[in-house]
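Below is one structure; the comments refer to it alone.
The values are calculated or read from the model by the stated rules, or taken from the named source; none is laboratory data. If you're wondering where the values come from, they're calculated on a predicted model, not measured in any experiment. No Cβ is skipped: glycine too gets one built from the backbone with ideal geometry, and neighbour counts run over all protein chains shown.
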Amino acid sequence: MARETFYITTPIYYVNDLPHIGHIYTTVVADTIARYKRMGGFDVRFLTGTDEHGQKMERSARSRGVAPKALADEVVRRYEELWRRLEITNDDFIRTTDARHRAGVHAVIARMQAKGDIYKGSYEGWYCSGCEAFFPETQLVNGTCPDQGHPVELLKEESYFFRLSAYQEPLLAFYREHPEFIRPGTRYNEVVRFVEGGLKDLSISRATIRWGIGWPGDAEHTVYVWLDALTNYISALGFGSGDASLYERYWPATLHLVGKDILRFHCVYWPAFLMSARLPLPRQVFGHGWWLRDERKMSKSLGNVVRPDALLERFGPDALRYFMLREMTFGADASFSDEGFLARYNADLANGLGNAASRVLAMARRYGDGRTPSESCDDSVLRTKAGEVVGRWRETMDAFEFHRALEAVWELLAAVDAYVNEKAPWGIAKTEGVSSPRLQHVLYNCLESLRLAAVMVSPVMPAMSARLLAQLGAPEAPGSLEWGGLGTGQPLGPEGALFPRADVEAFFSEVKVDESKPVQPPVSAPAAPAAAAPAPAPAVGVEQIGIDEFARVKLVVGTVRTAERVPKSKKLIRLEVDLGEPALRQIVGGIGDRYQPEQLLGRQIVVVANLKPAVLMGVESRGMLLAASLDGAPFLLAPDGEVAPGTGVK
C-alpha cells in the first residue's frame, strides 16, 4: 500500500542579499514539519530554493559590478552552506535560473493562453521594485509602498495581461468550499476581504526588465517575476520538462509556508494561475508572522535584519532552532533579540533539559555500573504523565502549535525532576543497595522519560536528540513513542553536557553589538522548582514569582481620551489615557491591525502604569496596555463595568 504523500514548500528566497533570520525561521519550520511527518510514516517531499530574477537583482548586480547570474551563484552558495549547517533536510533546491524551471513557466503560460486568459495591452502604475509589485495610488503611504515603505516609481509600458478579474467569483467559491486553504483564520478573512473588494487584470510581463525568463514567442518581453517565481512549486516536480513522475506523485502540494507579506500572491494570484492552467490547487497556505526588530519587520532596506552568525557559532544550530520555534507562536509576530535568546537558552536548555539529563544519567552510571537498568517498569506516575504528554505533543504538532508542543515536553522533564526528588534514589541505594529492584524501576522510569523527550524534540533539535539518545544507550534514530522502548542492560553512551550554561556578560563583552542601543544582559530564569508530588509541574524554565514581586506591578484602569495612528506605522497607535492623574498619560500600543483610533475613544483599558518609558518609532510611551492575543490579533482587556480612571487592578 502506497504511503500518504506530504509535499511541503518554503517560499523561494530572493538572492539580492544574504539570508537572515526570517529566511532561517521559515526553513526551520518547514524542516521541523518534514521531519515530524517522516516520523509518522508519510512519503515527504520538501522543497526550498531561490528566486533570482527581476529588477532588484539587476540593480544589485550592477551596483557590485558583476553579472546577475554571478551574484546569484555567490548568494546561493551561502544559502546551501547555511541549510547544511542548520541540518535542513530538503529533498530539492530549485533555482529560477534552472532550465527545468524555465520549461515549467513556459508550459504554464501556454495553458493559460490556450484558455484565452492572456492578452496584450499597456499598463501604467506605481511600481515598488522592493516588493516586485504595482500598487494603486490610493494604497500608497506617504508616497511609498504600503507593505514595507519602499520607494515607488511611476511606470508605463506595454504588457501582457492575465484576466484575473474573471477569477474573482471562482476564487471566492473556492475559499468558501475550502476554508482550510488559508491559515490562520485571520489571514483567511484578510484574503477574502481583498478579493471581495474587486480584482483587476494583472500585468504578467515587463518590457523594461531583461533579467528574467523571456516571454515565449516575444523577445521584447520578460515574464513577470511573480508568475515566474510561483511556478517553482511545480517546475521543481518536473512539470513541463518531460518527466512528470514527481508531479503526478506529489502535486497538489500539501502545505505552502509563506510569510504573511506574500500571502496575497499565494492565495489569490497563484490559485488563479492554476485555475486558468486547469491544474489542481494546493491544499493549504499558511501565512506565518514576522520576526520584528524595533517593532518593525526585518528587511535589508530598513537595515534591521538579524544574521545570527555569533549565536550559531557559539551555541550551535539546535539552540537557535529551539528558540525560534519556542519563542514564536506560529502565525503571530515575535521580537528577536540576543538577550531573549540567551535567557531562554540558559533557562530551558542549560537549566532545564541539560540539567535533567545530566542528573538522571549521573545516577544511572553511579548505581547501574554504566548500563541501563536490568528491569523495566510498566507502572509509574511517570508513565502516566508521559502518555498524556505524548498525546498532547502529537495534537499540537499536527496543529503546527510548536511552542505548545515544546511546552508539553518540558512538563515531562519537570515531572522527572519532581519524581527524582520524591523517590530519592540515593536513599534507596543507601538502605537497599544498588541491586534493589525498586531502585532499578526508579532509574528506568527516569531514563525512559528522557528517551521519550529526546524523540519528541528530534524534529526541532535533531543533533541534540541523537546525542541524548546515544547517552541513554538507545538508537540514535528517533524510535517509538510507546513506553518501554529503552532496552534493559544496555551500555550507556559517552558523558557530556548537552547545553553548557552561557555566560551572558562574557558573550556581550566579546561579540560586537550596536553601541547606539546599549545591551542590558538579562537575568536568566532559574529552572522550574521541584514539585513535592508527581502532579503536573510548571514547565522547566518558567520563572515563578511571589506575591510581593507581583505587587510591584501597578495595574490600573484608564479611559482613552485621544487616539491617533503613529506616522509610517501600520500597527502603532498613540493614546492619551486618563489614569486619574493630573495630566493624561501617553501610551503607544501595537493594536492598529485590529482597532481604528476612533473605536478607542472613551474606551476603558487596563494599563501597566509603572513601566519604564520606552520610545517606539520616535514616540515616547509611558505605560503598557494589556491585551490577549489570538492568532496574533490583540483583544484589549477591560473591566466589565464603568469604573473611575486610576482604579487599581488586583
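Values for this structure:
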{"read-out": "Pair list, Cβ under 7 Å, 6 or more apart: region 458-469 residue more than 10 Å from GLY493 (Cβ to Cβ), other residue among the hydroxyl-bearing types (Ser, Thr, Tyr) and part of a helix (DSSP H, G or I)", "value": "SER458/SER465; PRO459/THR32; PRO459/TYR36; VAL460/THR32; VAL460/TYR322; MET461/TYR322"}
{"read-out": "Cβ pairs under 9 Å, 6+ apart, first in region 105-119 and outside the structural domain of GLY242 (by TED's automatic domain parsing), second basic (Lys, Arg)", "value": "none"}
{"read-out": "Checking HIS53 against (1) under 26 Å from LEU227 (Cβ atoms); (2) in contact with a Gly (Cβ under 8 Å, 6 or more places away or on another chain); (3) surrounded by fewer than 23 Cβ atoms within 10 Å (Cβ to Cβ), the condition it does not meet", "value": "(3)"}
{"read-out": "From the options CYS145, CYS128, residue that is in contact (Cβ under 8 Å) with a residue 12 or more places away in the chain and touching a helix residue (DSSP H, G or I) at 6+ places or on another chain (Cβ under 9 Å)", "value": "CYS145"}
{"read-out": "Identity of the residue in region 106-145, buried (at least 17 other Cβ atoms within 10 Å of the Cβ) and assigned to a loop (DSSP other than H, G, I, E, B), that ends up modelled with the highest pLDDT", "value": "ASP117"}
{"read-out": "Helices (runs of 4 or more DSSP H) within region 181-283 that include 1 or more residues closer than 23 Å to ARG594 by Cβ and in contact with a Lys or Arg (Cβ under 9 Å, 6 or more places away or on another chain)", "value": "185-196"}
{"read-out": "Matching option when the condition is in contact with an Asp or Glu (Cβ under 6 Å, 6 or more places away or on another chain) and not assigned by TED's automatic domain parsing to the domain that holds GLY316, among ALA67, ALA72", "value": "ALA72"}
{"read-out": "Hits in region 365-389 - residues which are touching a Phe, Trp or Tyr at 6+ places or on another chain (Cβ under 9 Å), assigned to a helix (DSSP H, G or I) and surrounded by fewer than 20 Cβ atoms within 10 Å (Cβ to Cβ)", "value": "ARG366, VAL381, ARG383, GLY387"}
{"read-out": "Residues satisfying the stated conditions in region 629-643, i.e. aliphatic (A, V, I, L, M), part of a loop (DSSP other than H, G, I, E, B) and under 26 Å from PHE330 (Cβ atoms)", "value": "LEU637"}
{"read-out": "Unmet criterion (only one of (1) basic (Lys, Arg); (2) free of Cβ contacts under 8 Å to residues at least 60 places away in the same chain; (3) under 24 Å from HIS150 (Cα atoms)) for ARG552", "value": "(3)"}
{"read-out": "Count - residues of region 607-625 that are among the basic types (Lys, Arg) and touching a strand residue (DSSP E or B) at 6+ places or on another chain (Cβ under 8 Å)", "value": "1"}
{"read-out": "Strands (runs of 3 or more DSSP E) wholly inside region 540-628 that include at least 2 residues being of a type outside the set (Phe, Trp, Tyr) and over 30 Å from GLN139 (Cα atoms)", "value": "555-565, 572-578, 604-608"}
{"read-out": "Selected residue (only one of ALA418, ALA350, ALA362 is within 30 Å of LYS37 (Cα to Cα), part of a helix (DSSP H, G or I) and among the aliphatic types (A, V, I, L, M))", "value": "ALA350"}
{"read-out": "Subset tally (residues that are closer than 26 Å to ASP369 by Cα and surrounded by fewer than 24 Cβ atoms within 10 Å (Cβ to Cβ)) for region 405-417", "value": "1"}
{"read-out": "Count of residues meeting criterion [touching a Leu at 6+ places or on another chain (Cβ under 9 Å) and either surrounded by fewer than 22 Cβ atoms within 10 Å (Cβ to Cβ) or without any contact (Cβ under 8 Å) to a residue 24 or more places away in the chain (or both)] in region 203-212", "value": "1"}
{"read-out": "Any hit, region 436-458, residues being surrounded by fewer than 21 Cβ atoms within 10 Å (Cβ to Cβ) and touching a helix residue (DSSP H, G or I) at 6+ places or on another chain (Cβ under 7 Å)", "value": "yes"}
{"read-out": "Residue within region 149-159 that is loosely packed, with under 12 Cβ neighbours inside 10 Å and part of a helix (DSSP H, G or I) present", "value": "no"}
{"read-out": "Restricting region 37-68 to residues that are part of a strand (DSSP E or B) and β-branched (Val, Ile, Thr), the residue that is nearest to the chain's Cα centre (by Cα)", "value": "THR48"}
{"read-out": "GLY580 being of a type in the set (Gly, Ala, Ser), closer than 18 Å to ALA563 by Cα, touching a residue at least 40 places away in the same chain (Cβ under 8 Å) and surrounded by fewer than 17 Cβ atoms within 10 Å (Cβ to Cβ)", "value": "yes"}
{"read-out": "Single residue of ASP338, ASP333, ASP318, ASP369 found to be modelled with pLDDT of 95 or more and not basic (Lys, Arg)", "value": "ASP318"}
{"read-out": "Those residues of region 58-77 which are touching a Leu at 6+ places or on another chain (Cβ under 7 Å) and not hydroxyl-bearing (Ser, Thr, Tyr), in sequence order", "value": "ALA61, ARG64, VAL75"}
{"read-out": "Filter pass, ARG78 being over 30 Å from SER159 (Cβ atoms), in contact (Cβ under 8 Å) with a residue 60 or more places away in the chain and either surrounded by fewer than 18 Cβ atoms within 10 Å (Cβ to Cβ) or not assigned by TED's automatic domain parsing to the domain that holds GLU327 (or both)", "value": "yes"}
{"read-out": "GLU169 vs. criteria of a type outside the set (Ser, Thr, Tyr) and either touching a Phe, Trp or Tyr at 6+ places or on another chain (Cβ under 8 Å) or in a loop (DSSP other than H, G, I, E, B) (or both)", "value": "no"}
{"read-out": "Residue within region 459-470 that is outside any loop (DSSP other than H, G, I, E, B) and touching a Ser or Thr at 6+ places or on another chain (Cβ under 7 Å) present", "value": "yes"}
{"read-out": "Single residue of LEU349, LEU292 found to be modelled with pLDDT under 80, of a type in the set (A, V, I, L, M, F, W, C) and within 20 Å of the chain's Cα centre (by Cα)", "value": "LEU292"}
